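Student: Take this structure, written in structure tokens, and hold onto it; I'll ask about it next.
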Amino acid sequence: MKKFWIHNLFITLSLLVVFLVTLYSIGIYNNRFGHYLALAIFGISGLQSIASLIIGLYNIKLQTANMILLGILSVAFSSLITIYTFNCLFISC
């Protein structure tokens, strides 16, 4: 499970980097590609946080306290990215 949580954090971090590079290089509000990319990242990170939460709760008996904290951090980080992209897409436009 430790590898799963670390992979989840790396995927979320890479999605955040792609989103921020797109946001600050080509702009998200004036570019259709940036808008669709942000929409895709919003969907991926939302599904990722839901799947991580379900897998973490299903395997909670197999995890140690450190892995549970890593899982909580991973789910919280992917949820934060989901909320951030939602804000950029639907509220700030």
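Student: Within 16 Å of the chain's Cα centre (by Cα) and at pLDDT below 85, is that true of Ile26?
Tutor: Working: within 16 Å of the chain's Cα centre (by Cα): no; at pLDDT below 85: yes.
No; evaluated as a whole, the condition is false for this residue.
Student: So which of Phe10, Phe4 ends up being in a helix (DSSP H, G or I), at pLDDT 85 or above and either touching a Leu at 6+ places or on another chain (Cβ under 6 Å) or open to solvent by 30 Å² or more (accessible area, probe 1.4 Å) (or both)? Don't jump to the end; show me each part of the working.
Tutor: On the way: Phe4 fails: at pLDDT 85 or above.
Going through Phe10, Phe4 in turn, just one is in a helix (DSSP H, G or I), at pLDDT 85 or above and either touching a Leu at 6+ places or on another chain (Cβ under 6 Å) or open to solvent by 30 Å² or more (accessible area, probe 1.4 Å) (or both): Phe10.
Student: Return a yes/no flag: does segment 57-65 have any residue that is surrounded by 14 or more Cβ atoms within 10 Å (Cβ to Cβ) and under 18 Å from the mean Cα position of the chain (by Cα).
Tutor: Going residue by residue through segment 57-65, those that are surrounded by 14 or more Cβ atoms within 10 Å (Cβ to Cβ) are 63.
Narrowing further to those that are under 18 Å from the mean Cα position of the chain (by Cα): none.
Checked segment 57-65: no residue is surrounded by 14 or more Cβ atoms within 10 Å (Cβ to Cβ) and under 18 Å from the mean Cα position of the chain (by Cα).
Student: Another question, then. Residues in segment 33-80 that are free of Cβ contacts under 8 Å to residues at least 40 places away in the same chain, more than 21 Å from Leu16 (Cβ to Cβ) and either part of a helix (DSSP H, G or I) or of a type in the set (A, V, I, L, M, F, W, C) (or both): how many?
Tutor: Summing the residues that are free of Cβ contacts under 8 Å to residues at least 40 places away in the same chain, more than 21 Å from Leu16 (Cβ to Cβ) and either part of a helix (DSSP H, G or I) or of a type in the set (A, V, I, L, M, F, W, C) (or both) in segment 33-80 gives 8.
Student: Please verify whether Leu20 is loosely packed, with under 14 Cβ neighbours inside 10 Å, at negative phi and under 9 Å from the mean Cα position of the chain (by Cα), treating the condition exactly as stated. Reasoning before the result, please.
Tutor: Details: loosely packed, with under 14 Cβ neighbours inside 10 Å: yes; at negative phi: yes; under 9 Å from the mean Cα position of the chain (by Cα): no.
No: the conditions fail for Leu20.
The values are calculated or read from the model by the stated rules, or taken from the named source; none is laboratory data. What you see is a predicted model, and the numbers here were worked out from it, not measured in a lab. Methodologically, a virtual Cβ is constructed for each residue, glycine included, from the backbone with ideal geometry; neighbour enumeration extends over all protein chains shown. What goes into the accessible areas is simple: the full protein's heavy atoms, side chains included, and nothing from ligands, DNA or RNA. Shrake-Rupley method; radii C 1.70, N 1.55, O 1.52, S 1.80 Å.
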